[in-house]
Amino acid sequence: MPTDPAAVQRYLDVDFDRRGMEELVSALADRPADAPFAYVVTPNVDHVIRLHGEGRDERLAEAYAHALARPCDSRILARLAALEGIRLAVAPGSDLTARLLATVRPGDRIAIIGGDGETAGQVAPLVPGAEIVQHVPPMGLRTNKAALAEAAAFVAAAKARFVFLAVGCPQQEYLALEIARRGDATGLGLCIGASIDFLTGRARRAPRWMQRAGLEWSYRLLSEPRRLWRRYLVEGPRIFRIAWRARRG
């Protein structure tokens, strides 16, 4: 993880990466494929809420503490920080995933954790000439120690340049930490959530103007109201109370 205080900007108890998209992509793409496994987390409103209050997720906090980079994935967080005079460089996880996929060369190996039987085939046209391996863990990964260990062992054996962890928060962050703790895995892990679904066209991302306006959450809510209503309408607004308390403090 970054040790130079100049490399991070702390806000709401999270050390956000200061680097913009271009600098971040360059640094991550230049990392040798056989370097010891390290991973990137992309803090958004949901993650920050999980890291605060009585229900603070200590496992997620530990995964965050050991991450190589933590680029801000939320324009809402960036705007709340700006009220405090803090600048957070926004590097959305889906955009970061797309940019890194564009650096894949023929012969590179890509590992995907998550998705379904069609995912690898849909990703293949995005990385021509690359070798794709995939592991689909069972549901309930966050509480299934054996499944976490199996997925971590798969990544260690894959020796991939990039490892896309697409099983949702917080289990993908738990898994990233599990892989790093093994000590024998290589490559760069990215906790990407639904990014691959957006890139392959299985899910539609909000129009650019909505992304720039910080309204991507509303587009996703309208697209999947039954699954996401609680996250965005009940849990999400807690971020304003968290930011207000931090401002008063």
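The values are calculated or read from the model by the stated rules, or taken from the named source; none is laboratory data. All values reported here derive from a predicted model rather than from experimental measurement. Positions of Cβ are backbone-derived with ideal geometry, glycine not excepted, and every protein chain shown enters the neighbour counts. The protein model used for the area step is the full one, side chains on, heavy atoms only, and it has no ligands, DNA or RNA in it. Shrake-Rupley method; radii C 1.70, N 1.55, O 1.52, S 1.80 Å.
Before moving on, here are some points about what is shown:
- Any hit, the range 121-139, residues being modelled with pLDDT of 95 or more, in contact with an Asp or Glu (Cβ under 6 Å, 6 or more places away or on another chain) and buried (at least 20 other Cβ atoms within 10 Å of the Cβ): no
- Test: residue in the range 194-215 that is more than 22 Å from Arg142 (Cβ to Cβ) and touching a Pro at 6+ places or on another chain (Cβ under 8 Å): yes
- When Ala91, Ala98 are screened for being modelled with pLDDT under 95 and surrounded by 19 or more Cβ atoms within 10 Å (Cβ to Cβ), only Ala91 passes.
- Count - residues of the range 103-130 that are touching a residue at least 24 places away in the same chain (Cβ under 8 Å), outside any helix (DSSP H, G or I) and under 22 Å from Ser26 (Cα atoms): 13
- Residues (surrounded by 13 or more Cβ atoms within 10 Å (Cβ to Cβ) and free of Cβ contacts under 8 Å to residues at least 60 places away in the same chain) located in the range 27-39: Ala27
- Residue ID - farthest from Ser94 (Cα to Cα), chosen from residues in the range 225-249 that are modelled with pLDDT of 80 or more and outside any helix (DSSP H, G or I): Pro237
- Enumeration of residues in the range 171-196 that are β-branched (Val, Ile, Thr), assigned to a helix (DSSP H, G or I) and more than 12 Å from the chain's Cα centre (by Cα): Ile179
- Within the range 181-197, the set of residues being open to solvent by less than 40 Å² (accessible area, probe 1.4 Å) and of a type outside the set (Val, Ile, Thr) comprises Ala185, Gly187, Leu188, Gly189, Leu190, Cys191, Gly193, Ala194, Ser195.
- The range 205-215: number of residues that are open to solvent by 40 Å² or more (accessible area, probe 1.4 Å) and within 26 Å of Tyr39 (Cα to Cα): 1
- You will find that of Gly117, Gly107, the residue that is at positive phi and either more than 19 Å from the chain's Cα centre (by Cα) or exposed (fewer than 15 other Cβ atoms within 10 Å of the Cβ) (or both) is Gly107 and no other.
- The residues in the range 49-75 that are outside any loop (DSSP other than H, G, I, E, B) and crowded, with 19+ Cβ neighbours inside 10 Å can be counted, and the count is 8.
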